[in-house]
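Trainee: One structure, pasted below without further comment.
The values are calculated or read from the model by the stated rules, or taken from the named source; none is laboratory data. This is a predicted model, so every value here is computed, not measured. Cβ atoms come from the backbone with ideal geometry, glycine included; neighbour counts cover every protein chain shown.
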Amino acid sequence: MKRFLYELGESWKIAAAQMRSNLTRSTLTALGVIIGIIAVTLMGTAVNGISIGFDKSMAVLGDDVLYVTQWPWKPVDDWWNYRDRKKIKTEYAETLNRMIAATPNSNLVVAVPTSNFMRSIKYGGNQVNNVFVLGTTSDFIITSTIDCTAGRFFNELESRGGANVVVIGYDVADALFPSENPIDKSVLINGQLFKVIGVNTRQGTFLGLFSWDSMVAMPLGAFNKYFSAKTESDVRVKVKDKTRLADAKDELTGLMRRVRGLPPEKKDDFSINEQQAFKSTLDPMKNSIAIAGLFITGLSLFVGAIGIMNITFVSVKERTKEIGTRKALGARRRTILLQFLIESTALCLLGGFVGLAFAYLMCFGIGKAVPSFPIHFSLGLVLISMIVSILTGLFSGFAPAWTASRLDPVTALRYE
Amino acid sequence: METRNSIRPPGPVVIDIENITKEYVMGEEVVRALRGVSLQIRRNEYLAIMGPSGSGKSTLMNMLGCLDTPTSGRYEFNGKNVAEMDDDELAAVRNREIGFVFQTFNLLPRSTSLRNVELPLIYAGINPDRRVERAAQVLADVGLGDRIHHKPNELSGGQRQRVAIARALVNGPSIILADEPTGNLDSKTGEEIMELVENLYQHGNTIILVTHERDIAAHARRTVHLRDGLIEMDHVGFIPELDLPVAR
Ligand SMILES: Nc1ncnc2c1ncn2[C@@H]1O[C@H](COP(=O)(O)OP(=O)(O)O)[C@@H](O)[C@H]1O
Ligand SMILES: [Mg+2]
């Protein structure tokens, strides 16, 4: 064991000396690994970023909220069965809330109606198109993680009265009010003036998935007054205990069947969804992106590894006589194996370090230049990159090191 | 040189080979480098193996040094059958029992004298402090106390061979095997190296020397003549009339 440690120490010294004396060659070979590690790490940060952005977008939906909709949140083959379902009406929310209040020990907290429409929104000379306009009640904040960075969400009074007030998303505020405080300013939506009473905290967008940042929320009363009835509506219901989501779902299904007045023999003519359903649809997609990306960038690392393997073979060839000498002095096979494995690993590790440093700088740069780009550097990634570097070194060094360790001492000594 | 004729009493048998053959297969052709060699070498002997180029001297030497295995025949080193040793055991024997000195020195070019001499100690698992201490001591013993931090290219040929000798000595081996140790040196430097070897002999080392030069072989106390893979003659001392100059 002690001897192993000494031999290990010796191998590191040899590896360092070897790199120093073949500086150009080592640098060029390490370059392959550097590029490989940069590619893999950047892809890793992107995958990481996608995953985080994805989860963040999912968090918007809330993991303790059930959504009553016409269409289920999953691809369906028999779409015709859903097409003719009755629309979800915003009035259901009130009915549901009465039912919830009448149910002892209900697992549901509150039902909130939402209607939405795409509209453009104007203030002064500035205009934002395709803004997601949401009509809802003041209870909305109970069901969502939404927060205001300035001002507030509309209150119950404004909600019931259908006041012309809006809470606007961060990006909307940014575009309409580049240099002004938006609070108490009036914006124009569909020819109507609305007073801005709140601005949402920035959430960040992600691959076009829904984000509060490009949304505008107003009391449902106001929404219904000014926008045509052909809007999409659904009802979201907050659950008391998210560990008992299935029970809550059953309860809500029962309530909805009563609302719709369905006899027992009829099937549900509505869908109840939760975040998880969405996730399980999108997760495979997310995973395929990750696998494909890492595979492709992994190829560049593989090319780097081949370079290291090649150079280690050259090194073994050049130092055949040295290997013979070492064997004559008592080096065992595993000593020689270790020495060359460490040489290739040291080279890869060095390449890994440099590659990682570059990747970090690049991430930093990209993050500064394009803040919305999904990229995320983490300590875990650093560790994984280092492990990948070491594995690459071991992988690429093995064949040459094995050859070296198997050399016949006499043949090696006679080699010129 | 008055010590030249003093023979130290031989000790127990270190090397015992019987009817050793070695064949190299080169495609169609079979080269018979050794064709049945028997030899006993005792501790405290100073033996020269002579013979013309290609006579099998180096092959025999590699065999004795456990670097190579015979095609047939028996070899016992310190009473142990070499044929039964596995690779690691052979490496251990080379590390602890045998000190090699090569014609071309075979120093690691980018390592200092000290690091070169340390190498067998590393393979023996000696701890770093004792390693440095011991290596420096042996380097001082061969007269290189002031050259321990020099690299081979900063040393003369004679000094390089001294480093190599120090490296061969550092683990206190049973025998020193030197294959044409003066082959790459001028005659004056060669003579200095031979004085060092003589000194080692006087201090209790067992020495086997391969050479085709009479002047060098003349230092040994016993001479074995090889020709075409066979022992032609094996006699005590160096007899000028017998040990004729050999063609290179
Ligand atoms: N590895 C080898 N492969 C093939 N032939 C060899 C090998 N080693 C030695 N020989 C042959 O064996 C014979 C003896 O070689 P060697 O022992 O080196 O002679 P010497 O050292 O006496 O000059 C020579 O003919 C040489 O060519
Ligand atoms: Mg020879």
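Trainee: Looking at region A:312-330, is at least one residue at negative phi, at pLDDT 95 or above and in a loop (DSSP other than H, G, I, E, B)?
Mentor: The answer is yes; a qualifying residue exists.
Trainee: Checking the conditions here, which among B:Glu198, B:Glu154 is touching a residue at least 60 places away in the same chain (Cβ under 8 Å) and more than 29 Å from B:Ala91 (Cβ to Cβ)? Talk me through it step by step, then tell me what you get.
Mentor: Details: B:Glu154 fails: touching a residue at least 60 places away in the same chain (Cβ under 8 Å).
Result of the check over B:Glu198, B:Glu154: B:Glu198.
Trainee: Just wondering, is there one or more residues in region A:9-23 that are more than 10 Å from chain B (Cβ to nearest Cβ), touching a helix residue (DSSP H, G or I) at 6+ places or on another chain (Cβ under 6 Å) and farther than 25 Å from B:Gly125 by Cα?
Mentor: yes
Trainee: With the condition being within 14 Å of chain A (Cβ to nearest Cβ), I'd like the strands (runs of 3 or more DSSP E) fully within region B:158-243 carrying at least 1 qualifying residues.
Mentor: In region B:158-243, B:175-179, B:206-210 are the strands (runs of 3 or more DSSP E) which contain 1 or more residues that are within 14 Å of chain A (Cβ to nearest Cβ).
Trainee: If a residue has to be assigned to a loop (DSSP other than H, G, I, E, B) and within 16 Å of ligand 1 (Cβ to nearest atom) to count, how many in region B:87-135 make the cut?
Mentor: Of the residues in that region, 4 qualify.
Trainee: Right, next: Need at least 2 residues that are touching a residue at least 40 places away in the same chain (Cβ under 8 Å) and within 16 Å of ligand 2 (Cβ to nearest atom) per element, so show me which strands (runs of 3 or more DSSP E) inside region B:1-61 make the cut, counting only ones lying wholly within it.
Mentor: On the way: elements: B:13-26, B:29-42, B:46-50.
Strands (runs of 3 or more DSSP E) meeting the threshold: B:29-42, B:46-50.
Residues checked against (1) over 22 Å from B:Ser58 (Cβ atoms); (2) more than 16 Å from ligand 2 (Cβ to nearest atom); (3) among the aromatic types (Phe, Trp, Tyr):
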| position | (1), (2), (3) |
| --- | --- |
| B:Thr69 | no, yes, no |
| B:Arg74 | no, yes, no |
| B:Gly79 | yes, yes, no |
| B:Ala83 | no, yes, no |
| B:Asp86 | yes, yes, no |
| B:Ala92 | yes, yes, no |
| B:Gly99 | no, yes, no |
| B:Thr104 | no, no, no |
| B:Thr112 | yes, yes, no |
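Trainee: Identify the residue in region B:43-63 that is away from ligand 1 (no atom under 12 Å from the Cβ) and either closer than 20 Å to B:Arg94 by Cβ or among the aliphatic types (A, V, I, L, M) (or both) and, among all such residues, is surrounded by the fewest Cβ atoms within 10 Å (Cβ to Cβ).
Mentor: B:Arg43
Trainee: Shifting gears a bit: Collect the residues in region B:81-107 that are surrounded by fewer than 19 Cβ atoms within 10 Å (Cβ to Cβ), within 20 Å of the chain's Cα centre (by Cα) and either facing chain A (nearest Cβ under 9 Å) or among the aliphatic types (A, V, I, L, M) (or both), keeping them in residue-number order.
Mentor: Within region B:81-107, B:Ala92, B:Arg96, B:Thr104 meet the criteria.
Trainee: Any residue in region A:258-278 that is free of Cβ contacts under 8 Å to residues at least 12 places away in the same chain sitting within a Cβ distance under 9 Å of a residue that is outside any helix (DSSP H, G or I) and among the charged types (D, E, K, R)? List the pairs, counting only those 6 or more apart or interchain.
Mentor: A:Leu262/A:Asp268; A:Leu262/A:Asp269
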